[in-house]
Amino acid sequence: MSAHVEVVSTDFRRAKVKVSPGTYLVDVLGEACKKMNLKSDNYELKHKQKLVDLTGPFRTSGLSPGAKLELVQKSKSASVVSIALDVNGQRYIKKLPSDMTLWKVMRQFESTEKGLNITAKSVPRGTNSGQLYFEAPVVNIMGREYSALEDLQKTLSQCGISSGSIVLRVTFKSTDQTLFDAMQEIGRYLNDGEQEQQPKAEENTVQVAEEPQGDDAPAENAPEAEPAITEAQPGAPAESSTAPDLMDVDEPPAEASAAADPLQPTDVFSAPSSSVPAATRTREDDSVYEPTIAHAQLRQQQLLKRAQNTRLKSDDELAAIAAQEATRLAKITRVEVKVRFPDQTSAVWVVTTHENASFLYQAIRSVMAHPTQPFKLIIPGPKTTIQESDKRLIATYRLKGRELMHLVWEDSASPAARKEPFLKGSVASKAKEVVVPEVPEGVSYGADEPVAGPSSKKPANSGKEKSLDPEAVKKKLSKFLGLGKK
């Protein structure tokens with residue numbers, strides 16, 4: 001049984017649209033605008049001065065056959081919609097603008113929710129457990145499914161969601177595409193869809209490059225700096241700090257990141273030739289480490305500051321901080337990960353926003369001499385263990401810039417694998433030495449000004465200045481800090 005509704009525009013043009021009980025009202029809007037040669041993104045429907053919910057089908061709308069609907073112009077500014085994302089029974093809530101695409105909605109939740117992976121989910125299949133196959137996300141809105149890339153590029157408004165709150169249920173369907181092939185196809189599709197906005201994106205890239213944080217330009221499929229109201233994540237892990245020795249390595253050339261095989265490292269470094277650490281070969285006079293009056297004054301200021309009562313941040317301030325961090329994290333498109341192996345050799349991989357922990361494990365096994373031996377990856381500092389899973393590396397572990405990880409053998413690893421070289425011969429032959437810059441000796445920097453070491457030349461004293469006796473300085477400093485006997 002079929003019926004129709006009549007859509008009337010503000011200029012009194014009319015269009016009859018056939019409907020069935022299962023016809024979604026967003027399709028009614030699209031068909032009416034098509035007949036009137038209008039863009040449906042700019043309009044919405046009203047019935048008896050009330051907005052019509054476009055997300056549901058005709059049978060649940062309460063409209064009768066032959067109903068007259070008004071075609072009114074939509075506000076040009078995006079409205080805020082409360083989104084409840086249901087992923088396999090786990091629900092996440094966030095307020096997002098109505099002009100955000102379904103794909104970016106999922107990416108926005110991924111960037112702020114710990115361990116959430118929707119757009120790069122994969123599973124091993126068959127006996128070849130090393131090959132991961134892509135599981136495509138399927139978004140269900142009021143019984144209607146969006147799974148194709150073209151459908152996931154529709155905005156919330158184009159799906160009939162312009163205000164209020166809505167539940168988006170996400171499930172996954174198996175595909176015959178490997179994760180690597182699927183990510184390449186998605187990247188090409190997103191690039192083709194955003195070519196018209198390329199000049200604007202280049203301007204944003206220049207602005208980001210001038211920021212002090214030094215983050216990369218926004219990802220091509222990452223959420224833009226939307227006015228989203230993001231919830232605070234008090235349990236989210238802190239940002240992993242880059243180890244100091246990683247900064248001693250020269251940055252790999254730009255062309256290295258464009259390797260044909262992403263599993264192959266961009267750089268391989270050999271183990272140190274000397275058994276003595278380079279830091280122990282640096283000699284400094286003891287006087288370099290003696291505190292000065294400036295150090296004592298700085299310490300006193302720190303103690304006074306700690307003694308003062310400070311106001312705890314409110315929930316709104318914590319939410320704003322979390323939203324700012326999520327936006328900054330979403331701008332990161334690539335991270336260089338250096339993995340240090342048990343025999344002190346190391347290798348560097350370029351990780352993008354699509355790669356997960358399983359990808360890094362698979363990449364490491366491709367260069368191992370014993371790829372079947374078990375191991376684990378640890379981020380130094382907080383000693384966070386990266387488990388082999390489909391969790392995204394950048395979003396889950398808050399990676400940015402250049403990161404260092406340590407590879408540690410599991411207890412079940414064989415003694416032979418522990419003793420023999422970690423890298424296979426074809427990879428080890430490409431290894432190069434780590435260049436450690438020389439640090440000038442005899443100079444330390446105090447709170448306000450540099451303090452010369454014993455080998456440095458002292459500036460000539462002016463006529464009014466008097467030379468200080470070192471013993472007198474020590475006595476005054478001890479008295480100032482209250483270290484003397486009472």
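The values are calculated or read from the model by the stated rules, or taken from the named source; none is laboratory data. Bear in mind that the values here come from a model prediction, so they are computed numbers and not experimental data. Using ideal geometry, Cβ is built from the backbone for each residue, glycine included, and neighbour counts are taken over all protein chains shown.
Here are a few things to note about the model shown:
- Enumeration of residues in segment 89-129 that are within 22 Å of Tyr397 (Cα to Cα) and part of a loop (DSSP other than H, G, I, E, B): Glu113, Lys114, Gly115, Leu116, Asn117, Ile118, Thr119, Ala120, Lys121
- From the options Glu355, Glu317, Glu325, residue that is loosely packed, with under 13 Cβ neighbours inside 10 Å and among the acidic types (Asp, Glu): Glu317
- Matching residues in segment 32-54 - criterion: being within 20 Å of Gly66 (Cβ to Cβ), touching a helix residue (DSSP H, G or I) at 6+ places or on another chain (Cβ under 9 Å) and at pLDDT below 85: Val52, Asp53, Leu54
- Segment 314-372 - residue that is among the basic types (Lys, Arg) and either at pLDDT 90 or above or under 25 Å from Ala271 (Cα atoms) (or both) and, of those, farthest from the chain's Cα centre (by Cα): Arg365
- Elements of type strands (runs of 3 or more DSSP E) contained in segment 321-411, each with 3 or more residues being among the acidic types (Asp, Glu) and not assigned by TED's automatic domain parsing to the domain that holds Val427: none
- Every pair of residues 6+ apart whose Cβ atoms lie under 9 Å, when the first sits in segment 43-60 and is not assigned by TED's automatic domain parsing to the domain that holds Gly160 while the second is assigned to a helix (DSSP H, G or I) and among the acidic types (Asp, Glu): Leu54/Asp27
- Filtered residues of segment 1-42 (kept if in contact (Cβ under 8 Å) with a residue 60 or more places away in the chain, buried (at least 20 other Cβ atoms within 10 Å of the Cβ) and assigned to a strand (DSSP E or B)): Val5, Val7, Tyr24
- Those residues of segment 61-73 which are touching a strand residue (DSSP E or B) at 6+ places or on another chain (Cβ under 7 Å) and without any contact (Cβ under 8 Å) to a residue 40 or more places away in the chain, in sequence order: none
- Taken over segment 401-436, the criterion of being surrounded by 13 or more Cβ atoms within 10 Å (Cβ to Cβ), more than 17 Å from Met368 (Cα to Cα) and out of contact with any helix residue (DSSP H, G or I) (no Cβ under 6 Å at 6 or more places or on another chain) is satisfied by Gly401, Glu403, Val434.
- Search result, residues across segment 394-422 that are farther than 27 Å from Ala120 by Cα and either among the acidic types (Asp, Glu) or in contact (Cβ under 8 Å) with a residue 60 or more places away in the chain (or both): Trp409, Glu410, Asp411, Arg418, Glu420, Pro421, Phe422
- With respect to being β-branched (Val, Ile, Thr) and in a strand (DSSP E or B), Val434 falls outside the description.
- Cβ-Cβ distances below 7 Å connect the following pairs, each with a first residue in segment 377-393 that is closer than 15 Å to Trp409 by Cα, a second residue that is crowded, with 18+ Cβ neighbours inside 10 Å and modelled with pLDDT under 85, and a separation of six or more residues or different chains: Ile379/Ser240.
- The set of residues in segment 74-90 being out of contact with any helix residue (DSSP H, G or I) (no Cβ under 6 Å at 6 or more places or on another chain) and touching a residue at least 60 places away in the same chain (Cβ under 8 Å) consists of Ala78, Ser79, Val80, Val81, Ser82, Ile83, Ala84, Asp86, Val87, Asn88.
- Inclusion of Glu110 among residues that are touching a helix residue (DSSP H, G or I) at 6+ places or on another chain (Cβ under 6 Å), of a type in the set (Asp, Glu) and closer than 30 Å to Pro137 by Cα is warranted.
- Conditions (1) loosely packed, with under 14 Cβ neighbours inside 10 Å; (2) basic (Lys, Arg); (3) more than 30 Å from Gln108 (Cα to Cα); number of the one not met by Arg340: (1)
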